[in-house]
Structure formats: structure tokens, C-alpha cells
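Peer 1: Before I ask anything, here is the structure I am working with.
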Amino acid sequence: MNRIIYILSSILITLIISCSSNTKTKPQQGNTPVKAPEIIKKAKKSTKSKTILFFGNSLTAGYGIDPAEAFVGLIEKRVNTLNLDYNVVNAGISGDKTAGGLSRVDWILDQQKIDVFILELGGNDALQGVDPVSSEKNLQGIIDKVKAKYPTAKIVLAGMEAPPNMGDEYTGKFRAMYPRLAKANNLALIPFILDKVGGVPELNLKDGIHPTEEGHKIVAENIWTILEPLL
């Protein structure tokens with residue numbers, strides 16, 4: 001774990017710059033993203049009756065690789081192979097923080113009924129030193145909005161680690177907020193979404209943090225272990 005956290009710290013500046021400069025999504029206005037994710041449009045045409053929605057940042061968006069080979073695309077392939085009655089929607093935006101997620105979640109929730117909501121946000125908060133109290137409040141706000149709109153929806157929370165340069169106190173508070181939120185809201189928890197991938201050079205792109213196609217296969221398994229029992 002220390003090696004993983006060290007890698008996260010060493011690419012702090014690079015990650016922030018790359019996520020900000022390479023995203024194709026324009027700044028948001030109010031609660032509505034200027035550009036709707038194309039996959040949302042695709043989801044509306046689906047004949048399947050249920051929806052799994054991934055809501056996150058560049059990890060969810062599949063930064064740097066073909067989205068079909070990123071973990072959301074891999075989960076979709078598995079769902080289809082098993083003939084499960086779920087459409088899989090990718091609502092990931094590179095560079096997004098918990099505050100951005102809170103500002104856009106209403107629009108996302110209005111697009112179609114959601115049965116499973118997978119929340120993958122917070123990594124960029126840690127990289128930019130956002131107060132964990134604020135991050136936790138934003139995550140709770142997203143959870144509250146999902147529950148209010150779709151009371152029967154199942155929510156999965158994906159955990160992340162903070163870089164050690166923020167200090168032991170910060171990293172401890174950041175790490176603790178995910179299990180605390182999961183327990184308080186009765187959510188399924190993925191303790192660390194990059195487990196067995198973070199800090200492994202051959203499983204990450206040159207920036208050292210975004211998974212390669214092989215890395216995404218492992219991340220997909222981390223997610224599927226928690227997701228499968230909910231379907």
C-alpha cells in the first residue's frame with residue numbers, strides 16, 4: 001500500500017494537468033453539463049428494462065484507452081454475455097471532483113431510471129488537497145440525491161487513496177470517509193478501486209495512474225466482485 005500511495009504522490013501535478021487539458025467536456029453551467037455523454041443518448045435507445053450507471057472521473061471515463069476496453073465497457077460486455085436485463089451507462093468525466101459531481105448529478109438522474117448507481121469520485125479531491133470534510137459532504141449530497149430520486153436504487157461506493165505528501169492526518173481522514181459513508185448509508189463498498197493495479201508500472205499508462213487495458217481488466221474484476229451480488 002505504501003508503494004501505491006507513493007506512486008499517486010509522484011504523479012500529482014502531471015495528473016491534474018493531464019485530466020484538465022485532455023477532457024473533451026466543456027465547463028458546466030448550473031446543474032447541466034454543456035455536452036451530454038454520448039452513451040447517455042445510447043442508453044435511451046436500449047430495450048433493456050434496468051440501468052447500471054457509473055458516475056465518476058477519468059478512471060470511469062476510460063482516460064487514454066478505448067472506452068470499450070475500460071472497466072465500464074468490460075462490465076457492459078459481461079452483463080451482455082450473461083444476458084442480464086441491464087443497460088450499462090458511463091457518466092464519467094475526466095478531471096471531475098466531488099463538487100463537480102454534486103453539481104451535475106441532478107441532470108444525470110433525470111435522463112433515465114437508475115437501478116444501480118456506482119459512485120467513483122474523490123481521487124481528484126485528494127490530489128488537489130480538498131478538505132476531506134468537504135469531499136465527504138459532497139459525496140453524501142450525491143448519495144442523498146440518488147436516494148431521493150430513486151429510493152430503491154442500489155448504490156456502490158468506490159474507495160480511493162490520498163497521496164502521502166498531504167500528511168498522515170489528511171490521508172487518514174480521506175481513507176476513512178469511504179467506509180464511514182458506506183456504513184452510514186448502507187452502501188456496498190469497493191475499498192480501493194485500483195487494488196492490484198495502483199503502483200504497478202506495467203498496468204498503468206505513462207502517467208503512472210490511469211490503467212492500461214490490462215489494468216482495467218483487473219479493476220473490472222474488483223468492481224464485479226461487489227456488483228455481481230446486487231444484480
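All of the numbers you see were taken from the coordinates with simple rules; none came from a lab. Predicted, not measured: the structure shown is a model, and the values here were computed from it. Using ideal geometry, Cβ is built from the backbone for each residue, glycine included, and neighbour counts are taken over all protein chains shown.
Peer 1: How high is the FRET efficiency between Lys147 and Trp224 when r is their beta carbon distance and R₀ equals 35 Å, given to the nearest 0.05?
Peer 2: Numbers: r = 24 Å, r/R0 = 0.68.
So the FRET efficiency works out to roughly 0.90.
Peer 1: Also: Could you give me the percent of Cα pairs per 5 Å distance bin for the stretch 95-231, shortest bin first, beginning at zero and ending with the bin that holds the maximum distance?
Peer 2: Pair shares across the bins are 2, 10, 18, 21, 21, 17, 8, 2, 0.
Peer 1: Report, by chain and number, residues whose modeled amide H sits under 5 Å from the one on Val88, excluding near sequence neighbours (fewer than 5 apart, same chain).
Peer 2: Under 5 Å from the amide H of Val88: Ile52.
Peer 1: I'd like the distance separating the alpha-carbon centroids of the stretch 129-168 and the stretch 203-231, in whole Å.
Peer 2: Value for the Cα centre distance between the two parts: 19 Å.
Peer 1: Considering the zone a paramagnetic label at Val133 would reach in this model (a point 7 Å from Cα along the Cα-to-Cβ line), which residues of the stretch 156-178 have amide N under 17 Å from it?
Peer 2: 169-178
Peer 1: Taking the simple approach of a point 7 Å from Cα along Cα-to-Cβ for both Lys50 and Leu84, what is their distance in nm?
Peer 2: 0.8 nm
Peer 1: Where in the stretch 118-139 is the amide nitrogen less than 11 Å from a point lying 7 Å along the Cα-to-Cβ axis of Asp207?
Peer 2: The answer is 124, whose backbone nitrogens lie closer than 11 Å to the label point.
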